[in-house]
Amino acid sequence: MLLVVAPPRAAADLTSDNVDFMMYGRMGIGWTPSGQVVAGKYMNLGDHKAIGGRLEEGDYLEPGIRYHIKKAATPTDTSIDLVMDYEIFSLNGAIVSDLGNGDISDIKIMPLQAYVQAKNVLTEGLTLWMGSNLYRKNDIHICDYFYFNSLPGQGVGALYKGLDVAVLTQTGASSFFATDENPGLPAGAPPAIVQRERTMFIAQYAVPFGAGTTYAQGLGELHVVPRSGDANREAPAGVNPTDYGAVAGVKVHLDLGNGDFNDAAVRYGNRIANGAESGGSTYNTFGAAGSDGTYRGGYGLEVVEHFMWNLENLVSVNGYGTLNYSRGSTSAPDPTVSNTRLDYSFGARATSYISDQVHLITEATFQARKDEGLATGTAVKLSVAPEVVPSGKRSPWERPEMRLIYTAVIYNQAAVDQLMSPYLKTMGPNKVGHFLGARTEWWF
C-alpha cells in the first residue's frame, strides 16, 4: 500500500543496496512458583541494572534502518546516511508480544535515534552529524553498563581524526522544573511550571599508541542550565537559578590480541554534572540542591575496569569492576534526605565451549550499595545458563543465542530491609531469590 501511494521517484530510489536493516532484540519468559511477573524485575541493588548481571532482564526490541542517501565511490568521497532506531518494551515487565500479554496498552514504541551523518564533508576526514544520537561508545555488555562517555542526546557533532566534539541538549528532567507559584508571592501567570533546557558541550580526543587498536582517550564536558523564568516575571531568588557543571575523564584501552582487551576509565563531574550512581550519565544530576538552589559542592566519581580473556577455543572470560560515588550539594537544607550514595560491584562471566553449538554461561557478581544514613546493602548473584548457538561459532559475541537461565541471589539484611532491588519490591523481603527462565538474544 505504501508503494502504491508513494511518488514514483521515491519508490524507485529505495533500492535494496541503499538500505541496511539493523536490530538488537531479546525475547523470553521468566517463572516463579508464586506466579508473580519477574521477567525484567532486576535482582541488582538500586533501580538501575548496571551494577550486576542482566540475565533476568525482560523483553526488548530495537529495530533500526540506515538509508544511504549518498554512497562513497572511494574512501575519500563524501557519503551521507540517515540513521533511525526505535525501541519497543513493556512498562511493567510483561511479555512484549500481545499474543502472550493480551494488552498492547502496556507496550511502548519510541524513537531512539534519528540523525543524518555526512563523512568526508567540507574536507577529507571530517564527519558531521545532526539529530538525536545514541552518543556513547563504551559498555560492559554482560551488565548493560554504558560508562565513561554515555551521553545520548539531541544536537550536533563533528569528528576529525582523534577529535570528537558535540553540543547536546537535554529537556524534561524533573529536577530542573521550576514553579513560580511560591508562598508569599502573587499567583504567577501561566504557565506555572517553567521547563528548562540543559546544554552540554562535549569534547573527546583519542591518541593511538602501541599495537592494534590501543589508545588513550580524554573527555571534557561543560553543562549549563539557565535561570528559570517566563515572559511575565523571573523566578524568585533561590528557586532554580543558573547552574553549571564540568566533567573530566580519561580512559585507556589496551588491545591484547586474539580478541583480548583491557579497559580502564576514570571520570569526575561536579555540580549539576555529578551523575554517577549505578552507572548513570553525568546529566543524571544526583541528590538535593543547596539552600541557594544550586548544586554547589556536589560531585560524582566513576571508576571502571573491564577485560576480556579468550583461552583458545575452550573458554572466554569477561570481567569487570565498578565504583561510583555521588553526592548532592554540600549546603542541602534537609539533613534527613539521603544526599550521598556509594555503590560498587565485581563480576565475571565465563563462556565455556562444550561444542560448536552448545555453550555454557556461568556468571558471578558481588555488589554493594550505601545511601547516606543507612546500612550498606549487599547482593551475591550466581547464574548458570546453558545455551544453543546455531551458527556454531565459538565466540562470546556470537548471536543469536538461545538460553535456559537459572539465577540465585543472596541479599544481606540491610538490602532486604530497604527493599533495594526491583525483585525484592516485587517478591517481598526475602534474603534468597530465584529466577528461572528462557531467553533468546540477537543482533545484526
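Filtering the stretch 355-378 down to residues that are loosely packed, with under 14 Cβ neighbours inside 10 Å and out of contact with any strand residue (DSSP E or B) (no Cβ under 7 Å at 6 or more places or on another chain), which residue is nearest to S338 (Cα to Cα)?
At the first step, the residues of the stretch 355-378 found to be loosely packed, with under 14 Cβ neighbours inside 10 Å are 355-356, 358, 373, 375.
Next, from what is left, pick out any that are out of contact with any strand residue (DSSP E or B) (no Cβ under 7 Å at 6 or more places or on another chain): 355-356, 373, 375.
Values: S355: 51, D356: 51, G373: 7, A375: 12 Å.
Among those residues, the one meeting the criterion is G373.
G328 - would you say it is modelled with pLDDT under 95, over 16 Å from the mean Cα position of the chain (by Cα) and over 19 Å from K137 (Cα atoms)? Spell out the reasoning first.
On the way: modelled with pLDDT under 95: yes; over 16 Å from the mean Cα position of the chain (by Cα): yes; over 19 Å from K137 (Cα atoms): yes.
Against the criterion (modelled with pLDDT under 95, over 16 Å from the mean Cα position of the chain (by Cα) and over 19 Å from K137 (Cα atoms)), G328 qualifies.
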Legend entry - Any chance T351 is within 17 Å of V315 (Cβ to Cβ), β-branched (V, I, T) and in a strand (DSSP E or B): yes
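Out of all the residues in the stretch 139-174, which are in a loop (DSSP other than H, G, I, E, B), more than 29 Å from R196 (Cβ to Cβ) and not basic (K, R)?
Taking the stretch 139-174 as the starting set, the residues that turn out to be in a loop (DSSP other than H, G, I, E, B) are 144, 147-152, 161-162, 172-173.
Now drop any that are not more than 29 Å from R196 (Cβ to Cβ), which leaves 144, 161-162.
Result: D144, G162.
Can you find, within the stretch 322-339, the residue that is surrounded by the fewest Cβ atoms within 10 Å (Cβ to Cβ) among those that are within 30 Å of P241 (Cα to Cα) and in contact with a strand residue (DSSP E or B) (Cβ under 7 Å, 6 or more places away or on another chain)? Lay out the reasoning, then the answer.
Filtering the stretch 322-339 down to residues within 30 Å of P241 (Cα to Cα) leaves 324-339.
Those left that are additionally in contact with a strand residue (DSSP E or B) (Cβ under 7 Å, 6 or more places away or on another chain): 324-327, 338-339.
On the way: N324: 28, Y325: 20, S326: 25, R327: 23, S338: 13, N339: 20.
Top of the filtered list is S338.
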Legend entry - strands (runs of 3 or more DSSP E) contained in the stretch 1-114 and holding at least 2 residues hydroxyl-bearing (S, T, Y) and modelled with pLDDT of 90 or more: 60-70, 79-90
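Kindly establish whether T351 is of a type in the set (V, I, T), closer than 24 Å to V304 by Cα, out of contact with any helix residue (DSSP H, G or I) (no Cβ under 8 Å at 6 or more places or on another chain) and free of Cβ contacts under 8 Å to residues at least 24 places away in the same chain.
On the way: of a type in the set (V, I, T): yes; closer than 24 Å to V304 by Cα: yes; out of contact with any helix residue (DSSP H, G or I) (no Cβ under 8 Å at 6 or more places or on another chain): yes; free of Cβ contacts under 8 Å to residues at least 24 places away in the same chain: no.
Judged against the criteria, T351 is not a match.
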Inset, instruction - Look at the stretch 411-444 and say how many of its residues are closer than 18 Å to L55 by Cα, exposed (fewer than 14 other Cβ atoms within 10 Å of the Cβ) and without any contact (Cβ under 8 Å) to a residue 40 or more places away in the chain. - result: 1
Legend entry - Residue in the stretch 120-131 that is on the phi < 0 side of the Ramachandran plot, buried (at least 17 other Cβ atoms within 10 Å of the Cβ), at pLDDT 95 or above and within 18 Å of the chain's Cα centre (by Cα) present: no
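Evaluate the following for Y244: is it in a strand (DSSP E or B), of a type in the set (F, W, Y) and surrounded by 21 or more Cβ atoms within 10 Å (Cβ to Cβ)? Reasoning before the result, please.
Working: in a strand (DSSP E or B): yes; of a type in the set (F, W, Y): yes; surrounded by 21 or more Cβ atoms within 10 Å (Cβ to Cβ): no.
The answer is no for Y244.
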Legend entry - Matching residues in the stretch 48-75 - criterion: being touching a strand residue (DSSP E or B) at 6+ places or on another chain (Cβ under 7 Å), of a type in the set (A, V, I, L, M) and without any contact (Cβ under 8 Å) to a residue 60 or more places away in the chain: L61, I65, I69, A72
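Mind listing whichever residues of the stretch 354-387 are of a type in the set (S, T, N, Q), over 24 Å from L301 (Cβ atoms) and touching a residue at least 60 places away in the same chain (Cβ under 8 Å)? Spell out how you get there, then give the answer.
Taking the stretch 354-387 and keeping what is of a type in the set (S, T, N, Q), we get 355, 357, 362, 365, 367, 376, 378, 383.
Now drop any that are not over 24 Å from L301 (Cβ atoms), which leaves 355, 357, 362, 383.
Scanning the stretch 354-387 gives a single hit, S383.
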Inset, instruction - Mind counting the residues in the stretch 197-232 that are surrounded by 15 or more Cβ atoms within 10 Å (Cβ to Cβ), modelled with pLDDT under 95 and acidic (D, E)? - result: 1
Legend entry - Unmet requirement for S391, which otherwise passes all of (1) under 24 Å from the mean Cα position of the chain (by Cα); (2) assigned to a loop (DSSP other than H, G, I, E, B); (3) of a type in the set (S, T, Y): (1)
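Going residue by residue through the stretch 176-188, is there one that turns out to be hydrophobic (A, V, I, L, M, F, W, C), over 17 Å from Y115 (Cα atoms), exposed (fewer than 14 other Cβ atoms within 10 Å of the Cβ) and modelled with pLDDT of 90 or more?
Residues of the stretch 176-188 that are hydrophobic (A, V, I, L, M, F, W, C), as a first pass: 176-178, 185, 187.
Narrowing the set further to residues that are over 17 Å from Y115 (Cα atoms) leaves 176-178, 185, 187.
Next, from what is left, pick out any that are exposed (fewer than 14 other Cβ atoms within 10 Å of the Cβ): 177, 185, 187.
Within this subset, residues satisfying the condition of being modelled with pLDDT of 90 or more are none.
No.
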Legend entry - Positions within the stretch 297-321 being over 25 Å from F346 (Cβ atoms) and surrounded by fewer than 18 Cβ atoms within 10 Å (Cβ to Cβ), in sequence order: G297, E312, N313
Legend entry - Selection count, the stretch 300-329, where residues are out of contact with any Phe, Trp or Tyr (no Cβ under 8 Å at 6 or more places or on another chain) and polar (S, T, N, Q): 1
Inset, instruction - Would you be able to tell me the number of residues in the stretch 339-362 that are touching a Leu at 6+ places or on another chain (Cβ under 9 Å) and among the hydrophobic types (A, V, I, L, M, F, W, C)? - result: 4
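When you look at M402, is it in contact with a strand residue (DSSP E or B) (Cβ under 7 Å, 6 or more places away or on another chain) and either closer than 25 Å to G25 by Cβ or crowded, with 20+ Cβ neighbours inside 10 Å (or both), yes or no?
In short, yes.
The values are calculated or read from the model by the stated rules, or taken from the named source; none is laboratory data. What you see is a predicted model, and the numbers here were worked out from it, not measured in a lab. Every residue, glycine as well, gets a Cβ built from its backbone with ideal geometry; the counts of neighbours run over all protein chains shown.
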